[in-house]
Amino acid sequence: MAEAVQRVTLEHGQDVTSDPRLDRIVEGIVSIAAGNLTARIPISPTRDQIDAVSTGINLLAAELDDVYQDMEHRVESRTLELREAHRQMERMALSDPLTGLGNRIALMQQVELSLEDMAGGAAAPGVLMIDLDGFKEINDSFGHRAGDLVLQEVASRMLASVPEGSLVARLGGDEFAVLLPAVGRPSAHGVAEAIQASLGVRILVEELDVWPRASIGAHVAQAGQSAEDLLLYADTAMYVAKEEGPGLIRSFEPVMLYARQLRREMVSELRNAVDRDEFRLAYQPVVDLVTGRMQGVEVLLRWEHPTQGLTMPDAFIPMAEESGAILRIGRWVLRSALEQLAAWRAEGRSQEGFHVRVNVSPSELQNMDLVDYVRAALRDTGAAPQDLVLEITESAFVGGGDVETYSMRSLKALGVRLEIDDFGTGYSSISYLRRLPVDTVKVDRALIADISRDEGQLQFVDAVHRLIQAAGMEAVFEGIETRNQAGLLRRMGCSSGQGYFFSRPLTADQVGTLLASGSRLPLATELLA
C-alpha cells in the first residue's frame, strides 16, 4: 500500500514520494489494522488527493468504530440478559415453587457454609426438621388445592417465627426444615416452640377451619459432623417426636439412631415375612345383636416375628404402608382369608350368609389391578363375591382420586360388599354417605365408649345410627366391651356389633367349632335371655 501511495502524483505532475503525509497515512493504517479504531490521520490545509485518501481512511475507521461499538453494546446487553436468566435459573433450582422457600439443595449448601464458619470459630449451627401431623387427611378430605393453601400459610408463619438470618426450607410434601446459623441447644428448642405456637392458630381455608400441628426434631452441630450428619440427626429426632406425638419437640440423642436402625431392620424383615410364612391370621366374630349368631368374622393380621414373637399390627402396619410392603401383605391376607373360608365350607362348618371381612389399605386401592386380583382370588377359592366384605378407611372413601373411585365402583359392580371402617374419626360429615358405593358403616369404638355413663353421648350415637339407616346402609358397632353397652345398642335397634364382650380374636379352629355348633356365642345368648 505504501508503494502505491508513493506513486501518487498531484494534478500539476509534482512527485510526492517525499511528502511526509504519506508516512502519516501508513502509520494510521497500521494503527487502525492493529485495532485502534479511534486513530485518525491528520488532514493538511492543502486538501489535495493525499488529503482525500486520508479522509477516506478516516471515514472508514469511523464506520468500523461505530459497528464495533454497536456490536459491543449488543454483546454487553445480551451478556446481562444471560446473567439475569442464569440468576433466575439458580433461584428456581434452589427454591420451592409452591411456597417460595428454599429447597433441599439450598438447605444443604447453607448448612455446609455454616459448618465452615463453625470450623473458623463461629457458633455452631442448628437444624430443625418439621413434619406436619395429619396433613394427609387434609388432602384426602378437602383436596390438594386446600392442602397447598395450608402449606403456603404454614411457610409464611414459619418465616415469621425464626430469627433473622435463618433459612426456612420445604423439603417436599409436608416436611420443612429450618437452619439456625449460630445457635445453642436451648435456643434451638425455643425457636421450635415459637414455630409450634404460630401453628397453633387456626387456618381458615376456603371457609374450612384447619388447626395444623407439627412434630419437630432438633439438633445442634458438634465438631466433626457433616451436613449430612446434621440433617440425619435432626430428622431422626423428628421421627421420634412423631411416634410419641403429635405436636411434640424432641432433641437428638445418640440412642435414637439405634432405634432408627432397628426400624430399618424391621422394614427389611417385613418385606420377607410373606416368603418366610411368618404371618398369622386371627378372626374376631361379628355378632347379630338380635339373634346372637355369628354373622361373619373380621380378619386380623399377626406377625410371628422370629425374635420378638407375636407382634400386633399397630407395631408394623404403619411401617408396611410407608415402605410399600403393605401391597403384598394385603394380598396375602385376602387370599388366605378366602382359602380359610373355603376350608370351613369343605368341612361342612359354614352357614348361610357367613362372610369374611378384610381390611384394604388406601395404597391397595391405588393399584389398577386390585379388582382383577380380587376377581381371581374369588374364582380360585370358590368364594362368591357376597362372601367378602372389604373394609376401607373413611378418608379413602372421601378423599379418593380417580383410581380409588374406579377400584371401589368396580368392586361394587363385582358384587363384593364395601364397608367404611372407623367411621366417626375423620374430617368428613355424614352427608356424603348416600353418594358412596357402600353397604355397611362400621362405627368407631370411640363413639360408644361412654354411652353407659353419658346420656348425651347415647343420644348422639342413636342419631348417627338413624342417619346411617336413612342413607340405606347397615351399621356395625365395634369395641363393645360391656353387657351394658351391648344392651343399649340392641335396644337402640342396632343389628350388628363386635368386641371383647362377645369374643376376643379366635383361631381358625375355634371359629370352625363355633360354626359347627350353630354359631351362637355364649355371652350373646345370655344377652338375649
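Values quoted throughout were computed directly from the atomic coordinates according to the rules given, and no laboratory measurement underlies them. Model, not experiment: these values are computed from the prediction. Cβ placement follows ideal geometry from the backbone for every residue including glycine, while neighbour counts extend to all protein chains displayed.
The alpha-carbon of K242 sits under 20 angstrom from the alpha-carbons of these lysines, leaving out residues fewer than 8 places away in its chain: K136. Taken about its Cα centre, the chain carries a charge dipole of roughly 2240 debye when the Cβ of each Lys and Arg holds +1 and the Cβ of each Asp and Glu holds -1. With each label modelled as a point 7 angstrom along the Cα→C-beta vector, the H73-R263 pair spans 6.3 nm.
Close amide H pairs (under 5 Å, H built 1.01 Å from N) link V476 with V441, K442, V443, residues at least 5 positions away or on another chain. One decimal place: the segment D314-A223 gains 28.9 nm when fully extended, by the rule 0.36 nm per residue minus the C-alpha distance.
Principal-axis analysis of the Cα atoms of the chain puts helix 144-161 at an angle of about 70° to the longest axis.
If the chain linking D117 and Y406 were pulled fully straight, counting 0.36 nm for each residue of separation and taking away their Cα-Cα distance, it would gain 98.5 nm. So who's got an amide H within less than 5 Å of the one on H355, skipping anything under 5 residues away but keeping other chains? H placed 1.01 Å off N, in plane. Amide H neighbours of H355, under 5 Å, 5+ apart: G296, V297. Close amide H partners of T311, meaning residues 5 or more places away or on another chain with modelled amide H under 5 Å apart, are W303, E304, H305. Here semi-axes √(5λ) of the Cα gyration tensor in Å was computed from the coordinates, and among (1) 80, 28, 23; (2) 33, 27, 23; (3) 42, 31, 19 the match is (1).
Between the helical axis of 104-119 and the longest alpha-carbon principal axis of the chain there is an angle of about 70 degrees. Our coupling estimate for segment 444-454, obtained by passing each phi through the Karplus curve with A = 6.51, B = -1.76, C = 1.60 and θ = phi - 60°, is 5, 4, 4, 6, 9, 4, 10, 5, 6, 10, 10 Hz, Gly and Pro reported as x.
Positive end of the dipole of the chain, charges at C-beta (+1 Lys, Arg; -1 Asp, Glu), about the Cα centre: which of S517, L365, Q196 has its Cα farthest in that direction? Selected residue: S517. Given a Förster distance of 25 angstrom, what is the FRET efficiency for A343 paired with S363, based on the Cβ-Cβ distance and rounded to 0.05? Rounded to the nearest 0.05, the efficiency is 0.30. Taking other C-beta atoms within 10 Å as the exposure proxy, W344, W303 rank W344, W303 from fewest upward. Under the simplified labelling scheme, the R453-L159 pair shows an inter-label distance of 4.8 nm, with each label point 7 Å from Cα along Cα→Cβ. Remark: spin-label model distance R47-T513 equals 13.3 nm, labels positioned 7 Å along the Cα→Cβ axis.
Using only the alpha-carbon atoms, how far is helix 326-346 inclined from the longest principal axis of the chain? Give it as 0 to 90 degrees, nearest 10. It works out to around 20 degrees. Annotation: the antiparallel percentage among DSSP beta bridges lying fully within segment 265-528 is about 40. Toward the positive end of the charge dipole of the chain, with +1 on the Cβ of Lys and Arg and -1 on the Cβ of Asp and Glu, the farthest Cα among Q459, S156, V205 is that of Q459. Ranked by the mean number of other Cβ atoms within 10 Å of their residues, highest first, the peptides 407-416, 263-272 fall in the order 407-416, 263-272.
Counting only DSSP beta bridges whose two residues both lie in the chain, roughly 60 percent are antiparallel. In the chain, the DSSP-assigned H stretches of four residues or longer account for a calculated mean residue ellipticity at 222 nm of -16000 deg cm²/dmol, using -39500 (n - 2.57) per stretch and the full residue count as denominator. Suppose every Lys and Arg Cβ carries +1 and every Asp and Glu Cβ carries -1, with no other charges. What dipole size does segment 265-528 come out with about its Cα centre, to the nearest 20 debye? It works out to roughly 760 debye.
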